[in-house]
1. Taking segment 87-128 on its own, how many of its residues are basic (Lys, Arg) and within 18 Å of VAL40 (Cα to Cα)?
2. Output yes when any residue across segment 101-116 is free of Cβ contacts under 8 Å to residues at least 40 places away in the same chain and polar (S, T, N, Q), and no when none is.
3. Name the single residue that is modelled with the highest pLDDT among those in segment 149-170 being surrounded by 13 or more Cβ atoms within 10 Å (Cβ to Cβ) and of a type outside the set (A, V, I, L, M).
4. Considering each of LEU77, LEU95, LEU127 in turn, give the residue that is surrounded by 13 or more Cβ atoms within 10 Å (Cβ to Cβ), free of Cβ contacts under 8 Å to residues at least 24 places away in the same chain and under 16 Å from the mean Cα position of the chain (by Cα).
5. Of THR134, THR148, which residue is over 20 Å from GLU34 (Cα atoms) and of a type in the set (Val, Ile, Thr)?
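The values are calculated or read from the model by the stated rules, or taken from the named source; none is laboratory data. Computed from a predicted model, the values in this text were never measured in an experiment. No Cβ is skipped: glycine too gets one built from the backbone with ideal geometry, and neighbour counts run over all protein chains shown.
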Amino acid sequence: MWRFSLKSIDIRKGMRTDGAVSPAPPMMKSRDTEVSGFLVGEEVLVNVHHRVLQRLTHGVDRQSHTVRLGATEMRLLAYLLLHANGKVATYNKILTTVWVHAGLVPSYPRLCRVMQGVNSKLSQLGLSNAFIHTVRNQGCCIEGYVITPVHGGIKEPLSPVNTGRMDVEL
């Protein structure tokens, strides 16, 4: 039986070493369509598979801003966007899902550091530096934003990451 989690790359790697030839299970599913990212408000796209945050621009400003997240940062953000949008995700559930299922040693101080890193990177795109906030002695929560799952495949980031090129059409 497949255990669906936020570590699709690790699942695929494990399947290859076990000799499996069928495709890996999708990372997240909703209504039989793979969720490949999220739209935060109307201006920030979270591309889960490429671990990229992108501020979408409108009008004549063609330059978009992109930020790359680390693997643990993206697992944390994706988990919270799925499970803590307007409700509290407990520390134990977060640590189990984001750290233990990825084969990492969980710790509360590490969770705090990763959460601060994600908040810092989101603030670079114009979101609150308290996008993910703590609920004392309970867990973490995201409030005040409309989170929309993006279904289907996001094959590539919408613009190059850290290359300085600006010739990509949105």
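1. Residues flagged as basic (Lys, Arg) and within 18 Å of VAL40 (Cα to Cα) within segment 87-128 amount to 2.
2. Looking through segment 101-116, at least one residue is free of Cβ contacts under 8 Å to residues at least 40 places away in the same chain and polar (S, T, N, Q).
3. PRO149
4. Numbers: LEU77 fails: free of Cβ contacts under 8 Å to residues at least 24 places away in the same chain; LEU127 fails: free of Cβ contacts under 8 Å to residues at least 24 places away in the same chain.
Step by step, each of LEU77, LEU95, LEU127 is checked, and only LEU95 is surrounded by 13 or more Cβ atoms within 10 Å (Cβ to Cβ), free of Cβ contacts under 8 Å to residues at least 24 places away in the same chain and under 16 Å from the mean Cα position of the chain (by Cα).
5. On the way: THR148 fails: over 20 Å from GLU34 (Cα atoms).
From the options THR134, THR148, the qualifying one is THR134.
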